Amino acid sequence: DIQMTQSPSSMSVSLGDTVTITCRASQDVGIYVNWFQQTPGKSPRRMIHRATNLADGVPSRFSGRRSGSDYSLTISSLESEDVADYHCLQYDEYPYTFGAGTKLELK
Amino acid sequence: QVTLKESGPGILQPSQTLSLTCSFSGFSLTTYGMCVGWIRQSSGKGLEWLTNIWWNDDKYYNPSLKNRLTISKDTSNNQAFLKITNMDTADTATYYCARRNYGGYDYWGQGVMVTVSS
């Protein structure tokens, strides 16, 4: 199975910060990476598709990058509504695999 | 408007079979390239992909659950189904269905919590 190694597992943040979360794929997954945001008690919300594309309705302060097998989600000028859990997913090869998740917490 | 909603028993005993239904609207599983998947999440833990079913009835399963999973669909009623046999306490989780298209999983249901307990 492809491992998606996500880091950090948690991050203490302040409003206005620029935050970057990374997933490293153990094999080539091309552009087939999603990033999801999840708040307590809610379903995951797709933020990024095909590694770098902003999903519909997602604020432009979110961005996705790919560098080889490293994928990152960056949130610029963090707002309070962005404090959540974030998950990456590779959907290139079965079984699809998620990263372990990153929890953002306010300082 | 695309919506999905999961339904299921809520609680069951170890060794029983879980049957979940995903009722959706706003798209059809007869459309080329369309897919519905099931994903689960144990309390406070990460997400685990379980299975996909495609418009052409191709099915894919997570081998970590061995042969316990069965996915199916009823295109006339816009539903997808998941069965998991031999449920264990370790299968206690929130189960989600989600639509998969070229951009991955774009729409998710609200999830259904399933508890396995004797």
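At-a-glance table
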{"item": "Residue B:46, sole failed condition from (1) surrounded by 12 or more Cβ atoms within 10 Å (Cβ to Cβ); (2) modelled with pLDDT of 95 or more", "result": "(2)"}
{"item": "Residue match in region B:23-35 (condition: within 18 Å of residue B:8 (Cβ to Cβ) and in a loop (DSSP other than H, G, I, E, B))", "result": "no"}
{"item": "Residue in region B:82-94 that is open to solvent by less than 50 Å² (accessible area, probe 1.4 Å) and either at the interface with chain A (Cβ under 10 Å from one of its Cβ atoms) or free of Cβ contacts under 8 Å to residues at least 24 places away in the same chain (or both) present", "result": "yes"}
{"item": "Meets criteria (of a type outside the set (Val, Ile, Thr) and within 11 Å of chain A (Cβ to nearest Cβ)) for residue B:102", "result": "yes"}
{"item": "Test for residue B:47: is it within 12 Å of the chain's Cα centre (by Cα) and among the aliphatic types (A, V, I, L, M)", "result": "no"}
{"item": "Complete set of residues in region A:1-56 that are among the charged types (D, E, K, R), farther than 17 Å from residue A:67 by Cβ and within 13 Å of another protein chain (Cβ to nearest Cβ)", "result": "A:1, A:42, A:45, A:46, A:56"}
{"item": "Residues located in region B:1-22, provided they are open to solvent by 30 Å² or more (accessible area, probe 1.4 Å), in a loop (DSSP other than H, G, I, E, B) and within 21 Å of residue A:42 (Cα to Cα)", "result": "B:1, B:8, B:9"}
{"item": "Members of region B:53-77 that are within 14 Å of the chain's Cα centre (by Cα) and either farther than 17 Å from residue B:99 by Cα or buried (at least 17 other Cβ atoms within 10 Å of the Cβ) (or both)", "result": "B:53, B:54, B:60, B:61, B:62, B:65, B:68, B:69, B:70, B:71, B:73"}
{"item": "Wholly enclosed strands (runs of 3 or more DSSP E) of region A:1-99 bearing at least 1 residues open to solvent by 70 Å² or more (accessible area, probe 1.4 Å) and touching a strand residue (DSSP E or B) at 6+ places or on another chain (Cβ under 9 Å)", "result": "A:4-7, A:19-25, A:45-49, A:62-67"}
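The values are calculated or read from the model by the stated rules, or taken from the named source; none is laboratory data. What you are looking at is a predicted structure, and each value in this text was computed from that prediction instead of being measured. Note that we place each Cβ from the backbone using ideal geometry, even for glycine, and neighbour counts take in every protein chain shown. Surface areas here come from the heavy atoms of the whole protein model, side chains and all, with no ligands, DNA or RNA. Shrake-Rupley method; radii C 1.70, N 1.55, O 1.52, S 1.80 Å.
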